[in-house]
1. Just grab the label-to-label distance for B:Gln229 and A:Phe29, each label 7 Å out from Cα along the Cβ direction, in nm (one decimal).
2. So what is the orientation-averaged projected area of the stretch B:365-475, using the convex hull of its C-alpha atoms, in nm²?
3. With r defined as the distance between the Cβ atoms of B:His41 and B:Ala16 and R0 fixed at 30 Å, what FRET efficiency is calculated, to the nearest 0.05?
4. With axes computed from alpha carbons, what is the tilt in degrees of helix B:223-233 against the longest principal axis of chain B, rounded to the nearest 10 within 0 to 90?
5. Tell me, what is a quarter of the convex hull surface for the C-alpha atoms of chain B, in nm² with one decimal?
6. I'd like the mean, over residues of B:81-88, of how many other protein chain beta carbons sit within 10 Å of each residue's own Cβ.
7. With everything on Cα atoms, drop me the angle between helix B:76-88 and the longest principal axis of chain B, reported from 0 to 90° to the nearest 10.
8. If packing is taken as the average number of other Cβ atoms within 10 Å across a peptide's residues, how do B:389-398, B:98-107, B:197-206 rank, most packed first?
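The values are calculated or read from the model by the stated rules, or taken from the named source; none is laboratory data. Keep in mind that what you see is a predicted model, and the values were worked out from it rather than measured. Using ideal geometry, Cβ is built from the backbone for each residue, glycine included, and neighbour counts are taken over all protein chains shown. Quick note on the areas: whole protein, heavy atoms, side chains included, nothing else; ligands and nucleic acids left out. Shrake-Rupley method; radii C 1.70, N 1.55, O 1.52, S 1.80 Å.
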Amino acid sequence: MKSNAAEYWSANIRLILKLLAIWFVVPFFGGIVFVDFFNQFRLGGYPLGFWIAQQGSIYLFVAIIFYYAKKMSDLDDHFDQRQLDEQQLDERRLQEREG
Amino acid sequence: MELQTLSYLVVGFTFAVYIGIAFWARAGSTQDFYVAGGGVHPVANGMATAADWMSAASFISMAGLIGFSYQGYGGSVFLLGWTGGYVLLAMCLAPYLRKYGKFTVPEFIGDRYYSNVARIVAVICLIIASITYVIGQMKGIGVAFSRFLETSYDTGLGIGMVIVFFYSVLGGMKGITYTQIAQYVVLIFAYTIPAVFISLSLTGNPIPQLGLGSTLISDGTYVLDKLNQVVMELGFSEYTTSTRGSTLNMFFYTLSLMIGTAGLPHVIIRFFTVPSVKAARQSAGWALVFIAILYTTAPAVAGMARLNLMSTIEPTAGNYLQYDQRPQWFKNWESTGLLEFEDKNGDGRIQYSADPITNEMVKIDNDILVLANPEIAKLPNWVIALVAAGGLAAALSTAAGLLLAISSAISHDLLKSVFMPKITERGELNASRIAMAFTVLFAGYLGFNPPDFAAGTVALAFGLAASSLFPALMLGIFYKRMNTAGAVAGMLSGISVTLLYVFQHTGIMFVQSTSFLGNMSPNWFFGIEPNAFGAVGAMVNFIVAMLVCRFTAEPPIEIQQLVDNVRSPFSAGAATGH
């Protein structure tokens, strides 16, 4: 069985890879490589590709960081709780053995 | 009230606030001096980080860079690059370095790679990157003073230095953090108020980010459509689509700025000041919120101020402004040399065109967009005075952050760890104050005598941070097997490739005559300009580090435990669940 620490770390890595994919695809493809394609569409007066490059990606970056912070905070609490549970279990076993 | 008196009052008031904070936030320990005691609230740290990050260049020059030099869309490289790096920072560096809980970036590298060589290489990269950066801030202080308060450049720089000296030597990181918060408030109001007014007057929408996508009050066309039409009539390329070089160049330029941003030590150390790992992650989010307020406003300022400027010069198509009827702001900025007019065809009118032969606006400095914006939009004098205080706040806050990064590397990494390991806490605090004092004086000296290479140095700062520090830090956290040999070989090869590329095109230390390939786009590697090369340097670093690491011994067991400890946000004892 994987240790808590290893499990926690691989959950973190999975989350980072997922978010880095979004972080990379949206600005670099939407705002640079395929910008001409997206510029056919419009968002009010903004050509969409131009908007992604000069506005949208920045809002996305903010959202990514807060999403990551929230998810990791939950993950921290989860593993923190599990650690406490395991400690209590150990203590109870110890007491039972002594009793 | 007279504009100049008003400017003195507003700037004087902000300076009094900074000095007041310096007295209140004196440092009592090395913990205070290096990491502000480690108890800064994540939102407060986010605000301080934003001020630390947004320099004189962001405040004064960026909108103009987007609007003029980079022709609109091409300026996206700055907007994306200087914000996207925070995502890397928040997920790949800040939380783990905070967990490690030490004072400087080279300290982590030295401990993780169990080597003083690695530490000293990191110190050298840090010092070069930060000093090149700080020269720009010192110049920014002098320029802001001389333009707004009509003092000489030297006097302005002298006053600025005294202020920085005061709060950074007295308070270290603690003093710097709390002044940066005040400076953020000043600079963000100074930036957004003129933007709101210009958006309101052109489009009727008070939010500049929406205004740029709205229609003009005057004739109902969209702002960006009008802008495209006006610039193309004069022979410039289309505002919303003109790229900076090739698509590949924009790609690498953006990526280099992102990686460089995440690797700049003066930004990373800000995350050492928050109380926990959780707080470090949140604080990165808040930092980017506060940065985004300015960075999403900047494209609106760029587009609208450029449109305003052009419609002043050419009120209706083909009908150019008479030179002797030019508005007052035009005359004001002409006298500073930021605008220059030359009546080539002698008709007394201002022909503005993309063709250098007929163009009569021989100089439009990038900085004019932000500096003259309140006057062009006919805003009251107090707004202009506020912009002066904002420009100074941006330059001072970034300078202070950089100075701390440099002086702590000297006092903590060189003095305490390498030369005088037995120094007491009290002694180190004094040493760090002395190091700070000398750093301020040295930076000031460079500000008074800016070296020839000052103009090209920001590229160097980002290139070095991207090609040396970022990969070493990231591998140190994410690749447990990485060892001393790999990291040092990676850093040295990353730096060498980047420096070689920058210098061969722009001259050794930016002295033109020593450039052996010339700064010509046909000679650029796949059309990538020197400013955009940091990402390539970073890749070289990663590859070399991985290769060398394969063929050398794995790091000792206690280093692998150190990595485990850094990865886990829990306290050291609880982290190793078996």
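1. 3.6 nm
2. Working: hull surface 43.3 nm².
Mean orientational projected area (the stretch B:365-475, Cα hull): 10.8 nm².
3. On the way: r = 25 Å, r/R0 = 0.82.
Here the calculated transfer efficiency is 0.75.
4. 70 degrees
5. Details: hull surface 108.1 nm².
Convex hull of Cα atoms, orientation-averaged projection: 27.0 nm².
6. Working: counts 1, 1, 7, 10, 1, 5, 13, 4.
The shielding value for this peptide is 5.
7. 20 degrees
8. Output ranking for B:389-398, B:98-107, B:197-206: B:389-398, B:98-107, B:197-206.
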